[in-house]
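Just below is one structure, and these are the notes that go with it.
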Amino acid sequence: MAGDNREKILQAIRMKGPVIPSQIKDVVNADILMTSAMLSELTSRNMLKVSSLKIGSSPLYYIPGQESRLQDFSNKLNEKDKRTYDLLKGKRILRENDLDPLTRVSLRQIKDFAKPLDVSFGDEKEIFWKWYLAPDDEVNALIKTAIETKEAKRELKKSELKEEKIEKEKPTVQEKVKQEAFAKGLPKTRKPRLAEIPEGDFVKEVHDYFKKTSIEVVEQNILKKDSEIDYIITLPTPVGNVTYYCKAKSKKKPSDSDLASAFVQGQLKKLPVLFLTPGELTKRAKDMLDKEFKNLIVKKI
């Protein structure tokens, strides 16, 4: 490439910002094929950079230092990638384990704007995605906060499970709280009427679980014989019995749609939800349980 043509191209891109070959061909008085070859040579010499983002079928060529101007072309992203772009730009970092599968794929498509980071802490290793212009000190602080928040939640959950176990081992404490509440003038808790237990192996497993955990049945509705039953139940807690809607479903791999159906029923009844199953949740169901279904507890029987 003649030196004057190379300098003409660089000067034009300094003024215009990121360009496609058709915007440069008149500068060097050449056709698209020749212009593209010149741009490729400059890229191989590290005098230009090339984008993953395509305008039509052509990438953008730009001078190192013009990365921020790639944002001017974000409207060329498809709808899903643009939503991911906006999410990452606003959050600055995204934790892959917290994302749905489509967003994970989308992050890998917008390579100009999303940069992956392998983060190790303790015995764990995770992928975080950072906004390409976010400075390292900001990113490090945000990742540290995200990890500390996760660890705090994990410890809190352990503490709650430990307290729950202790309370179950001390039923006299529950009775004492009930008596104190009644002494203060609170109404007595009406003892629920145990519904007649239908026949079936799965139903027996459910009622054995109820008996083992001191759960009492108020209502039951058999939807599918020995495979799906709705209950209204009461669970003992340190401050008295709490009413739950319970979905018992005999299924090897309960899905996110199974959880969603139970969650909606609980909302309609204005009750927290207990989902009982002998099976293992699908991976998506497990992910959705942590992020979307508040006040829903899943127990394997």
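Can you tell me which residue in the range 80-103 is farthest from P116 (Cα to Cα), limited to those that are of a type in the set (A, V, I, L, M, F, W, C) and buried (at least 19 other Cβ atoms within 10 Å of the Cβ)?
Per the stated criteria, the residue is L99.
Before we move on, is N29 free of Cβ contacts under 8 Å to residues at least 24 places away in the same chain, at positive phi and touching a Pro at 6+ places or on another chain (Cβ under 9 Å)? Before you say what the answer is, go through the steps one by one.
On the way: free of Cβ contacts under 8 Å to residues at least 24 places away in the same chain: yes; at positive phi: yes; touching a Pro at 6+ places or on another chain (Cβ under 9 Å): no.
Answer is no for this residue.
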- Of the residues in the range 42-70, those that are surrounded by fewer than 10 Cβ atoms within 10 Å (Cβ to Cβ) and in contact (Cβ under 8 Å) with a residue 24 or more places away in the chain come to G56
- Query: Using beta carbons and a limit of 8 Å, which pairs, at least six apart or on different chains, have the first residue in the range 265-282 and within 16 Å of Y209 (Cβ to Cβ) and the second one of a type in the set (S, T, N, Q)?
  - Reply: V273/Q265; V273/N295; T277/S250; P278/S250; G279/S250
- With respect to V218, is the statement that it is over 25 Å from the mean Cα position of the chain (by Cα), more than 26 Å from N97 (Cα to Cα), aliphatic (A, V, I, L, M) and in a helix (DSSP H, G or I) true? no
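Being assigned to a strand (DSSP E or B) and either under 21 Å from L281 (Cα atoms) or in contact (Cβ under 8 Å) with a residue 40 or more places away in the chain (or both) is the filter here, so list the residues in the range 233-257 that pass it.
I233, T234, P236, T237, G240, N241, Y244, Y245, C246, K247, A248, K249
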- Message: Can you tell me which residue is nearest to E67 (Cα to Cα) among those in the range 8-27 that are buried (at least 19 other Cβ atoms within 10 Å of the Cβ) and in contact with a helix residue (DSSP H, G or I) (Cβ under 7 Å, 6 or more places away or on another chain)?
- Response: P18
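Kindly check whether there is at least one residue in the range 242-257 that is in contact with a Lys or Arg (Cβ under 6 Å, 6 or more places away or on another chain), at pLDDT below 90 and on the phi < 0 side of the Ramachandran plot. Don't jump to the end; show me each part of the working.
Going through the range 242-257, the residues in contact with a Lys or Arg (Cβ under 6 Å, 6 or more places away or on another chain) turn out to be 245, 256.
Within this subset, residues satisfying the condition of being at pLDDT below 90 are 256.
Subsequent filtering for residues that are on the phi < 0 side of the Ramachandran plot retains 256.
Yes, some residue in the range 242-257 is in contact with a Lys or Arg (Cβ under 6 Å, 6 or more places away or on another chain), at pLDDT below 90 and on the phi < 0 side of the Ramachandran plot.
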- Task: List the number of the failed condition for D287; all other conditions in (1) exposed (fewer than 14 other Cβ atoms within 10 Å of the Cβ); (2) more than 24 Å from T213 (Cα to Cα) hold.
- Result: (1)
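The values are calculated or read from the model by the stated rules, or taken from the named source; none is laboratory data. Keep in mind it's a predicted model, so treat the numbers as computed, not measured. Virtual Cβ from ideal backbone geometry, glycine too; neighbours counted across all protein chains shown.
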